[in-house]
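Worksheet: one structure, shown below.
Every number in this text was worked out from the coordinates using simple rules, so none of it is lab data. All values derive from a computational prediction rather than experimental measurement. All Cβ positions, even for glycine, are placed from backbone atoms using ideal geometry, and neighbour counts span all protein chains on display.
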Amino acid sequence: MCRMLSSIVPLLLLAANVLCAVNPSDDEVGVGRYIIEGRVFPPENSDASNWQIDTRIHVNAGEYIGFVKNDGTFTLHNVPSGSYVVEIVHPDYMYEPVRVEINSRGRIRARRVNYIQTSQVIQVPYPLKMKAATRFRYFQVREQWRITDFLFNPMVIMMVLPLFLIMILPKMMNDPETKEDLKQFGDIAKMTEFPEMSEYFASFFSGGAKPGAAKAKQNKKRQ
Amino acid sequence: MCIYEDQIGKFDWRQTYVGRIKFAQFDTVSTAKKIIVATEENVLAALNLKTGQVMWRHVFESASSGDIQLLHFSDGDKVTTVTGSNPYLVRGWDPTTGVLLWEWPISIIDTERAHLSEWWVQNGMLVHLLPAFGSHLEVTMYNLMTGSNRGATSKLPTVWTNDGCILTPPYYTCISGNMGNYMLLSLDVTSNAVQIISKPLSNYFSEGEVIEGNLRPLDGKTSQPGFIIDDKAILLIKNNEFEPLNVRLADQSASATFIDAISGPMLVQAWSDENKGLSITAYNIATNTEITDMQMSGPKINIPEAELLGVLCINTAREQPAYRILLNGADDAVHLLQQGGRVVWSREESLANIVAAEFVDLPVSETDAALESEFDQKEAIKVYSSVWAAFVRRLHTQYQQLHTLIQNLQGEGAVLDTPSPLVRDYFNLHKIIVLITDVGKIYGMDNLSGEILWQRYDGNLNTESVVMFTRRSARHPPHDAYVTIIGKHEETGNGYVISLNPIRGTLVGERVLRLDVRLLQVALLHTVDAEKLHALILLDEDETVQVLPVSAAPLVRDLYMYVADRETGRMQGYALKYDGRQVIAQRTWSLNLGGAGARIVTIAGKSRTERVHSAGKPLADRSVLYKYSNPNLLLVVLERPDPTHKDVVTAVAVDAACGAVVAASTHRRARALPLAVHSDNCLAYLYRSDKHRRLEIATMELYEGNERWLPAGTQFSSFGCARAPSVERQAYIVPASLTALAFTSTEKAITDTHLLMGLSTGMLMELPWAYVDPRRPMTLSGEPREEGLIPYAPELPLPAEASLNYNRTVQRVRAIYAAPSGLESTSLVLATGLDLFYTRVAPSKTFDLLKDDFDYHLISIVLAALIVATYSTKYFASRKMLKQAWK
């Protein structure tokens, strides 16, 4: 039998030192310092006049940060050779990230980021041309109240239809022609206990539009 | 999971900060007057002069490559910054819009001395000065816009320089010579002719004064180069001559600046005294008079160690000029004062560096408290001897409730003016967030508005590895809430304990306690004493135990602690016992995880408030998969260099009470991130895979299996069961980089848990645990499908809809704190970093609350229409019946 026990696990290490979160890049860091350059194209039909101030270029998630000039060009200085993911960060628009590889001789190649098949190379032009892919959709669209939605709502239809049957049909009944038809129909019903379906319909359709309503009533009754 | 557009700002708020201000320059030429600031947090920003709000902001790299070395701005010019630490980057910015205009890099070949570099801008040229103490000065000038070098570097031979020298552009000033016959030497480094000004230092001091020979420059942007000697004498350099001022520094700690006012050059000094508060004096140099309307002193404003960042003199329509004084405090707060000492605005910049946060419940209102005590069983027996007494009391309470109701109805208009009282609301959504900042300032913040309710600065508190405990919540009416902060003393490194009332910010209980020993570990006792207070257990460096309050020592039983050393990966377990006289700590277990050379990157334990709602998961075949719910479980993530695989990450789940390793996994060629979370039987941690150059999240779930190990209702014991749980594990690719990770937490844990992630792009994401569930099957067929598991996909979806903060970017998210509210569906979330963002999330949608777009009008109209229809048809029907009866 387990002894009843409760213990407390404290969460922090007081004696330990601060953690250094920044690790040097694992790839062989060359002595040379290179630049990554490119151009950001503002989203079309964007109304924001100063999109440059909101746009930042993050290399390896903020290890190097670049800023956009008025014409959209950007340059990242002092980047050692290695492999970098270049992201354009904008609060409203999404840009595709690009992987930029700088070899030890300073040759630069840019390719698409593929996290699953990391060896697959689909080259993209360098200097980079970054175009806004889409606008971020942050919000759910609230359902708007429309009259058609309301009318075609099954609940409403269920309410309106019986109303129609109750209010309109008795009015139609007052029409003498329909009365006659119905009478005839009643006679047939009396004669044969269960009328033939084909006859039933035939008599209906010969009556034109008005018997149509009668049929609806008949259906309703059967329900 | 995602919100509607009309809900913007309804449950959330964001506050933007820039960090402690390093340099500040006034911009009064542009139409919108502003202050351009550069900060210790590597942020360049423009603050509105009138309101103090951020107009534009650029956040540089947080590492040394983003350090701002120089901020230059003069009226009508462009803003220039020099950032980085060899190589440096020179950038020009448009002061009105903040758009980048030019940038060019500088590398200094002499890397060893590069950190001694000094920069300034003179006549459209960027001047770089590199001193070699005792030998020469290297001065290089660059074109500010293009970086083209005007001629070569000029070397000025200066054998008299030492590391106490200061730069007051363009003069480089030193005190040289031996004690007793110091010489004051100064050199204009940009002039073509080398002219050294040299004077004996004793000229500026009266006889008999001890001269130490310490130099410090004037603060802020001075109109004339000047410096302070020995915190006493102030000297200016004018026309290549030293010019001593006939005013001395008013206080040893005073900060002084020199500006050109309309009435003539002016010396402004500011200093603060613990008792007397802030004092400011201004002195006109030309007329040798004190400017009285600038003078202020008094304990009204208390700015610890005030430092002048800049003084602005504005010409107003009237004769009198207006002054604006920008002051920085040791608590990182920045204040803009106008003459007379009125504070125009203040910014609490220490909030850019939050190290700990805790949500604290508010106390219930007085009437509610009376009600609660009435129904409290123990209390009731004591107070009411008879049924009648209870009945009278009931009537009294009801009268009180009626009274407050009437008062509320009457004073509805007046309520808006007075701040809402700090009482708990019906759903317990209103709380106070206690925040500890890096600089040692503690804040109490209203979670609904983000307003600061109280603040307290303690310069002695070193917040490195600080912890905060809520030792008593506000649920126990006669007693106040009680929060204790345990940190280190700034100077000695010994334990430093501050106890506060989190609602009002006043000191309570032990108040401020300076321990005379360093602490190893701190824990809270799980049982409460007679005053409903959880005692604090402190494990000292020499492994003795202190219990606060001492009277709670007999309550210590079955308490286990552990201590982990980050650098060696060693963990040591202790068992604490009360032996009749005192509490003693016994070493019980020790572990050396991760192998030789391993370093602990992070440790994740369970939250203290965590609850487990269900014991297992129902499977498709109607059986139950029982969870391994060990309350003592810890997730330790270690990293160690490896000769063949470069770096190896090891994650170990350890039982902290008995030291047993429950589960472990290893990742080769990977580097661990300090992000790990643990809740219930779920563990998650992040690592960067160097092999595939991507971020991956590994998750584990621990299960007992289809059979329960213990009979239902039995409490888990770490010592009772020697069985190992079965471990489900999986890893997923995260197509972004994370800087913070947390679990949502709710009152009873019935609601799903979601992962909250802070991205490096400034987005906060909410990801359901189902997406990282290690039981996601490879193929979707049969049982898993029936259970509702999602088939495995390597990459996690991070859609924009899952973003909590939509386009309100939160820069440099450092941590995410989640706290339960009174509503089971809702969890309160605070993200801290350079900015603060607060919101609330409902992981399983708000199932216990009406939707906020619930259409009250429609439902009441429909109801009314139905009633009308019923009665009208009744009326019509009776009329028809009547008619038919007449036929």
Problem set entry | Nearest-0.05 FRET efficiency for B:THR588 and B:VAL550, computed from C-beta distance (R0 22 Å) | 0.35
Seminar exercise, completed: So, with points 7 Å from each Cα along the Cβ direction, the B:LEU395-B:TRP345 label distance in nm works out to 5.9 nm
Problem set entry | 5 angstrom amide H check on B:ASP690, placed H, neighbours 5+ away | B:ALA670, B:ARG671
For this session: Just report the Cα centroid separation between segment B:48-106 and segment A:49-74, whole Å.
Result: 13 Å
Problem set entry | Least to most buried among B:ILE175, B:ILE109 (fewest other Cβ within 10 Å first) | B:ILE109, B:ILE175
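Once the Cα gyration tensor of chain B is diagonalised, what are the square roots of 5 times its eigenvalues, in whole Å and ordered largest first, as equivalent ellipsoid semi-axes?
Those come to 57, 37, 32 Å.
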Seminar exercise, completed: In whole percent, the Cα-Cα distances of segment B:10-49 spread across 10 Å bins from 0 upward as 30, 41, 23, 7
Seminar exercise, completed: Computed from the beta carbon distance with a Förster radius of 56 Å, FRET efficiency for B:VAL512 and A:ARG105 to the nearest 0.05 stands at 0.35
For this session: For segment B:549-555, just list the computed ³J(HN,Hα) in residue order, Karplus coefficients 6.51, -1.76 and 1.60, θ = phi - 60°, integers in Hz, with x standing in for Gly and Pro.
Result: x, 5, 4, 8, 4, x, 7
Seminar exercise, completed: Between the modelled labels at B:SER365 and B:HIS403 (7 Å from Cα along Cα→Cβ) the distance in nm is 1.4 nm
Seminar exercise, completed: If R0 = 45 Å, then A:VAL124 and B:THR779, at their Cβ-Cβ distance, give a FRET efficiency to the nearest 0.05 of 0.80
For this session: Report the extension gain between B:ILE262 and B:SER64 in nm, rounded to one decimal, defined as 0.36 nm multiplied by the number of residues separating them, less their alpha carbon distance.
Result: 67.2 nm
Seminar exercise, completed: So B:ILE196 and B:GLU464, fully extended at 0.36 nm per residue minus their Cα-Cα distance, gain in nm 91.8 nm
For this session: Calculate the length of the line joining the C-alpha centroid of segment B:321-335 to that of segment B:135-201, in whole Å.
Result: 32 Å
Seminar exercise, completed: Rounded to the nearest 10, the angle in degrees between the Cα long axis of helix B:856-886 and the longest principal axis of the Cα atoms of chain B comes to 30 degrees
Exercise. What residues qualify as long-range amide H neighbours of B:VAL601, i.e. H under 5 Å apart, gap of 5 or more or another chain, H built at 1.01 Å from N?
Worked result: B:VAL637, B:LEU638, B:GLU639
Problem set entry | Where labels lie 7 Å past Cα in the beta-carbon direction, separation of B:GLU305 and A:GLU143 in nm | 6.0 nm
Seminar exercise, completed: Output ordering of B:796-809, B:860-873, B:15-28 (per-residue mean of other Cβ within 10 Å, highest first) is B:15-28, B:796-809, B:860-873
For this session: Return the long-range amide H neighbours of B:ASN494 (sequence gap of 5 or more, or a different chain), with a cut-off of under 5 Å between placed amide H atoms.
Result: B:HIS489
Seminar exercise, completed: Using alpha carbon centers only, segment B:442-495 is separated from segment B:631-681 by a whole-angstrom value of 31 Å
Problem set entry | Unsatisfied cross-links (Cα-Cα over 26 Å) in the set B:LYS22/B:LYS199; A:LYS183/B:LYS874; B:LYS50/B:LYS232; B:LYS431/B:LYS606 | B:LYS22/B:LYS199; A:LYS183/B:LYS874; B:LYS50/B:LYS232
Problem set entry | Full-stretch length increase - B:ASN284, B:ASP110 - with 0.36 nm per residue and alpha-carbon distance subtracted | 58.2 nm
For this session: Starting at the first residue of segment B:235-247, write each ³J(HN,Hα) from the Karplus equation 6.51 cos²θ - 1.76 cosθ + 1.60 with θ = phi - 60°, in whole Hz, x for Gly and Pro.
Result: 10, 10, 10, 10, 6, 6, 9, 6, 10, x, 8, 7, 9
Problem set entry | Directionally averaged projected area (convex hull, Cα atoms, the protein assembly as shown), nm² | 67.0 nm²
Exercise. When DSSP assigns beta bridges and you keep just the ones with both residues in the protein assembly as shown, what percent turn out antiparallel, to the nearest 5?
Worked result: 95 percent
For this session: State the cysteines of chain B left without a partner when partners are defined as other cysteines whose beta carbon lies under 4.7 Å away.
Result: B:CYS2, B:CYS313, B:CYS658, B:CYS682, B:CYS721
Exercise. So what J values fall out for segment B:496-513 if you push phi through Karplus, 6.51 cos²θ - 1.76 cosθ + 1.60 with θ = phi - 60°, rounded to Hz, Gly and Pro as x?
Worked result: 9, 10, 10, 10, 10, 8, x, 7, 10, x, 8, 6, 9, x, 6, 6, 9, 10
Exercise. Exposure proxy check: B:VAL387, B:VAL439, B:VAL121 ranked by fewest other beta carbons within 10 Å?
Worked result: B:VAL387, B:VAL121, B:VAL439
